[in-house]
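Enquirer: Let me begin by handing over the structure; questions about it come next.
The values are calculated or read from the model by the stated rules, or taken from the named source; none is laboratory data. Predicted, not measured: the structure shown is a model, and the values here were computed from it. Here the Cβ positions follow ideal geometry from the backbone for every residue, glycine too, while neighbour counts run over all protein chains shown. For accessibility, only protein heavy atoms count, side chains too; no ligands or nucleic acids. Shrake-Rupley method; radii C 1.70, N 1.55, O 1.52, S 1.80 Å.
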Amino acid sequence: ILYRTRDGRTVDLAPMPGQALLQVKGGTKVYAIPFVAPILCGIDWEAGTITVDPDAPKSCISVMAFGPEGLVEQQIDAPYEAAAFIQQWPVVWINVDGLGDKDVIQQFGTMFELHRLALEDVVNVHQRPKVEEYDEQIFFVGRMVYQNAGVETEQLSLFLGEGFVLTFQERPGGD
């Protein structure tokens, strides 16, 4: 199901009952969606607003920093703690497992000057795979596939900028 945001961007939502096809233009299907659908799927009526799923796992943050001097891996409790690694190491990879903490997502967005629509895509876990180029970083969203009792997938959002990689995984485990 495609939802057209105010800025004209199309967002893919999970199918919901009671929808009607409004138009097909240039191969794009646009559906009428019940009022709650965008809010439940991480989209608010104001484009770029982060709305987390209340059932999403809380965020766990890990950092891997490396350079010619070596490598360090550490769990951190808050985004501001990543600043010390960024200042000390030439390359820093920050991974956030779980999308249940809006403040963590917003603080990393502020720290790395991430585009607000890309942050919206991080919490909207029904994204189609895509790559978007912004001024200071590249944003990728895709699906990781792994096998437990059956084949499962989860969304992976990745920001790549000078000296950093920032990843958001839908939930802990599976990687």
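Enquirer: Quick check on Ala65: is it crowded, with 19+ Cβ neighbours inside 10 Å, in contact with a helix residue (DSSP H, G or I) (Cβ under 8 Å, 6 or more places away or on another chain) and not in a helix (DSSP H, G or I)? Quick ask: steps written out before the conclusion?
Expert: Numbers: crowded, with 19+ Cβ neighbours inside 10 Å: yes; in contact with a helix residue (DSSP H, G or I) (Cβ under 8 Å, 6 or more places away or on another chain): yes; not in a helix (DSSP H, G or I): yes.
It is true that Ala65 is crowded, with 19+ Cβ neighbours inside 10 Å, in contact with a helix residue (DSSP H, G or I) (Cβ under 8 Å, 6 or more places away or on another chain) and not in a helix (DSSP H, G or I).
Enquirer: In the stretch 68-89, what count of residues is obtained for those that are open to solvent by 70 Å² or more (accessible area, probe 1.4 Å) and either part of a loop (DSSP other than H, G, I, E, B) or under 17 Å from Pro57 (Cβ atoms) (or both)?
Expert: 4
Enquirer: Does Phe108 fit the bill of being closer than 16 Å to Ser59 by Cβ, of a type outside the set (A, V, I, L, M) and touching a Pro at 6+ places or on another chain (Cβ under 7 Å)?
Expert: Working: closer than 16 Å to Ser59 by Cβ: yes; of a type outside the set (A, V, I, L, M): yes; touching a Pro at 6+ places or on another chain (Cβ under 7 Å): yes.
Yes: the conditions hold for Phe108.
Enquirer: Considering only the stretch 91-107, I want to know if a residue exists there that is β-branched (Val, Ile, Thr), more than 20 Å from Gly173 (Cα to Cα) and in contact with a strand residue (DSSP E or B) (Cβ under 9 Å, 6 or more places away or on another chain). Explain how you work it out, then say what you get.
Expert: Our first condition is that a residue be β-branched (Val, Ile, Thr); within the stretch 91-107, this holds for 91-92, 94, 96, 104-105.
The next check asks that each one be more than 20 Å from Gly173 (Cα to Cα); those that pass are 91-92.
Going one step further and asking which of them are in contact with a strand residue (DSSP E or B) (Cβ under 9 Å, 6 or more places away or on another chain), we end up with 91-92.
For the stretch 91-107, residues β-branched (Val, Ile, Thr), more than 20 Å from Gly173 (Cα to Cα) and in contact with a strand residue (DSSP E or B) (Cβ under 9 Å, 6 or more places away or on another chain): present.
Enquirer: Here's a follow-up. Taking the stretch 60-85 only, how many residues are touching a strand residue (DSSP E or B) at 6+ places or on another chain (Cβ under 6 Å) and either closer than 19 Å to Leu99 by Cβ or at pLDDT below 95 (or both)?
Expert: Residues in the stretch 60-85 being touching a strand residue (DSSP E or B) at 6+ places or on another chain (Cβ under 6 Å) and either closer than 19 Å to Leu99 by Cβ or at pLDDT below 95 (or both): 7 in total.
Enquirer: Which of (1) more than 25 Å from Glu73 (Cα to Cα); (2) of a type in the set (A, V, I, L, M, F, W, C); (3) assigned to a strand (DSSP E or B) does Val145 not meet, given it meets every other one?
Expert: Only one criterion in (1) more than 25 Å from Glu73 (Cα to Cα); (2) of a type in the set (A, V, I, L, M, F, W, C); (3) assigned to a strand (DSSP E or B) is unmet by Val145, namely (1).
Enquirer: Scan the stretch 92-108 residue by residue and report those that are touching a residue at least 40 places away in the same chain (Cβ under 8 Å), more than 18 Å from Ala65 (Cβ to Cβ) and assigned to a helix (DSSP H, G or I). Can you show your working first?
Expert: Quick first cut of the stretch 92-108, residues touching a residue at least 40 places away in the same chain (Cβ under 8 Å) only: 92-102, 104-106, 108.
In the following step, the residues that additionally are more than 18 Å from Ala65 (Cβ to Cβ) were identified as 98-102, 104-106.
Matches in the stretch 92-108: Lys102, Val104, Ile105, Gln106.
Enquirer: Does the stretch 148-175 hold any residues that are surrounded by 14 or more Cβ atoms within 10 Å (Cβ to Cβ), charged (D, E, K, R) and part of a loop (DSSP other than H, G, I, E, B), and which are they?
Expert: Residues satisfying the conditions are Glu170, Arg171.
Enquirer: Count, please, the residues in the stretch 109-130 that happen to be touching a residue at least 40 places away in the same chain (Cβ under 8 Å), exposed (fewer than 15 other Cβ atoms within 10 Å of the Cβ) and part of a helix (DSSP H, G or I).
Expert: Adding up the residues that qualify gives 1.
Enquirer: Report yes if Val141 is crowded, with 16+ Cβ neighbours inside 10 Å, touching a helix residue (DSSP H, G or I) at 6+ places or on another chain (Cβ under 7 Å) and either charged (D, E, K, R) or without any contact (Cβ under 8 Å) to a residue 24 or more places away in the chain (or both), otherwise no. Explain how you work it out, then say what you get.
Expert: Details: crowded, with 16+ Cβ neighbours inside 10 Å: yes; touching a helix residue (DSSP H, G or I) at 6+ places or on another chain (Cβ under 7 Å): yes; either charged (D, E, K, R) or without any contact (Cβ under 8 Å) to a residue 24 or more places away in the chain (or both): yes.
The answer is yes for Val141.
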